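Remarks on the structure that follows.
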Amino acid sequence: MLRFIFFKGLYSTLDLFTDEMLRVCKERGYEFFVIHAVHSEDTDADSIDRQEEGEEQRKLLHFLEKPVTAAIGFGNMGMQYEINGIGNVWDAYEIPYINVMMDHPFHFSQIFSRASKNTTLLCPDRNHVKYIRRFFPQIQKNGFLPHAGKELPGEKKKIKDRNIEVLYAGGLSRGVVGHMVPDFGSFSDFDADLLTQEVLGNLVRHPEKTTEDAIEEYLKGIGIFYPDEVLCEVIRKLRFLDSYITSFFREMTIKLLVESGVKVTLYGAGWDVCDWIDNPNLDYRGVVSAEEIPRLMTDAKIVLNTMTWFKDGSHDRVFNGMLAKAAVVSDTSGYMSEEFTDGQELLLFDLKRLAEMPERVKELLSDEKKIQKMADDGYACAAKNHRMENRLDAILREL
């Protein structure tokens with residue numbers, strides 16, 4: 001009997017993934033135990049609600065009386081779970097801890113340094129795997145695991161009967177990442193303001209590059225060759241650049257669409273900083289719960305995705321859109337171009353030729369037969385290859 005431990009309660013978006021994993025376990029008859037996590041003072045970690053900790057831990061210890069196949073946490077949940085008198089539970093009980101990562105590893109250097117020896121990091125981008133192997137060699141078990149999609153039950157409307165032309169659900173972070181910007185005066189070896197300008201300019205011209213590669217390229221260009229342990233910390237401090245460049249292209253994508261006459265329904269935080277937010281082709285509806293997004297996708301003709309600067313990875317918006325039987329339009333990545341055929345299961349565009357994207361979207365919207373076939377082909381592909389069932393099977397193979 002396969003037996004698992006899962007974690008919930010840190011972020012509603014992560015709970016959606018956990019709930020999908022729990023659904024698969026229930027359907028397959030696997031046993032599982034759910035630990036409920038809340039924020040702690042260390043934003044890289046999590047802890048159990050103190051009011052319920054005692055009772056939950058007693059139940060957990062009872063569950064641990066039989067062998068556990070693995071503990072699986074999304075986005076670092078449970079990575080450092082400890083019980084007084086026992087210490088790190090995964091080490092104490094020799095339980096593999098699987099961290100299904102959602103973000104770039106440069107955000108989490110501190111928590112990785114304290115990881116259990118039984119930890120496996122699974123990343124949604126193959127560049128992230130390379131990053132971990134270079135900068136965190138102490139974590140010897142790692143690999144690539146794309147996101148998974150969630151399908152709502154029930155019949156899906158045909159494309160012609162849907163009310164939303166183009167749906168985009170995602171935040172714009174450029175106005176809210178000020179807390180990530182370090183004190184530029186703390187960098188004594190280089191001019192951080194000049195680095196910021198040069199790196200962002202480089203990424204705008206060459207959007208196929210990763211942020212970490214652009215930073216290292218700039219430093220080497222001015223004669224700075226840091227050892228990896230120093231370079232890793234510098235990249236961590238400058239990771240706000242990743243949010244800025246992601247926001248730049250995300251904003252440009254929506255702006256180009258609405259200015260070209262495409263009607264876009266937009267959800268997410270941070271967009272009110274845009275001076276074009278009152279464009280008549282844009283219907284900005286603010287923030288909505290993560291649970292509501294898959295339902296909205298079932299009423300969209302096109303689900304638009306922009307990658308979170310994952311140059312060789314995936315995003316769950318793609319698979320959620322496909323499983324909602326919408327036509328998906330997304331910027332590409334190494335993984336995306338390998339997994340899909342542009343114009344068949346979805347429409348892929350290149351950030352280097354972003355100006356061409358609106359016309360392709362308008363052409364797709366104008367061809368009812370073509371857009372319906374793309375939605376059908378995308379659904380068939382995601383239903384076969386990109387559900388949580390597929391990802392759990394991949395984890396079991398890793399184990």
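Structural remarks
- Of all the listed residues (77, 21), the sole one being within 29 Å of residue 383 (Cβ to Cβ) and modelled with pLDDT under 95 is 77.
- In region 68-92, the residues that are assigned by TED's automatic domain parsing to the domain that holds residue 114 and under 18 Å from residue 122 (Cβ atoms) form Cβ pairs under 8 Å with partners that are among the basic types (Lys, Arg) and at pLDDT below 95, at six or more places apart or across chains, as follows: 77/8; 80/114.
- Of residues in region 137-159 being buried (at least 20 other Cβ atoms within 10 Å of the Cβ) and not small (Gly, Ala, Ser), the one nearest to residue 88 (Cα to Cα): 142
- Residue 337 being within 19 Å of the chain's Cα centre (by Cα), at pLDDT 95 or above, of a type outside the set (A, V, I, L, M, F, W, C) and not in a strand (DSSP E or B): yes
- The residues in region 146-183 that are assigned to a loop (DSSP other than H, G, I, E, B) and either more than 18 Å from the chain's Cα centre (by Cα) or within 22 Å of residue 288 (Cβ to Cβ) (or both) can be counted, and the count is 24.
- All positions within region 348-362 that are part of a helix (DSSP H, G or I) and either touching a strand residue (DSSP E or B) at 6+ places or on another chain (Cβ under 7 Å) or under 16 Å from residue 330 (Cβ atoms) (or both): 351, 352, 353, 354, 356, 357, 358, 360, 361
- A single entry from 391, 317, 353, 397 fulfils the requirement of being of a type in the set (Lys, Arg), modelled with pLDDT under 95 and either within 30 Å of residue 118 (Cα to Cα) or not assigned by TED's automatic domain parsing to the domain that holds residue 99 (or both): 397.
- Within region 199-235, the set of residues being acidic (Asp, Glu) and either closer than 18 Å to residue 352 by Cα or touching a Pro at 6+ places or on another chain (Cβ under 6 Å) (or both) comprises 208, 213.
- Filter result for residue 195 (in contact with a helix residue (DSSP H, G or I) (Cβ under 9 Å, 6 or more places away or on another chain) and touching a residue at least 24 places away in the same chain (Cβ under 8 Å)): yes
Quick grid of which residues meet (1) in a helix (DSSP H, G or I); (2) modelled with pLDDT of 90 or more; (3) of a type in the set (Val, Ile, Thr); (4) buried (at least 20 other Cβ atoms within 10 Å of the Cβ):
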site: 54; (1), (2), (3), (4): yes, no, no, no
site: 60; (1), (2), (3), (4): yes, yes, no, no
site: 94; (1), (2), (3), (4): no, yes, no, no
site: 98; (1), (2), (3), (4): no, yes, yes, yes
site: 103; (1), (2), (3), (4): no, yes, no, no
site: 111; (1), (2), (3), (4): yes, no, yes, no
site: 114; (1), (2), (3), (4): no, no, no, no
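- Residue tally, condition within 30 Å of residue 263 (Cα to Cα) and crowded, with 16+ Cβ neighbours inside 10 Å, over region 162-199: 12
- Residue in region 144-157 that is modelled with pLDDT under 95 and among the basic types (Lys, Arg) present: no
The values are calculated or read from the model by the stated rules, or taken from the named source; none is laboratory data. Given the structure is predicted, the values throughout are model-derived calculations rather than measurements. Quick reminder, even Gly has a Cβ in these numbers, built from the backbone with ideal geometry, and neighbours come from all protein chains shown.
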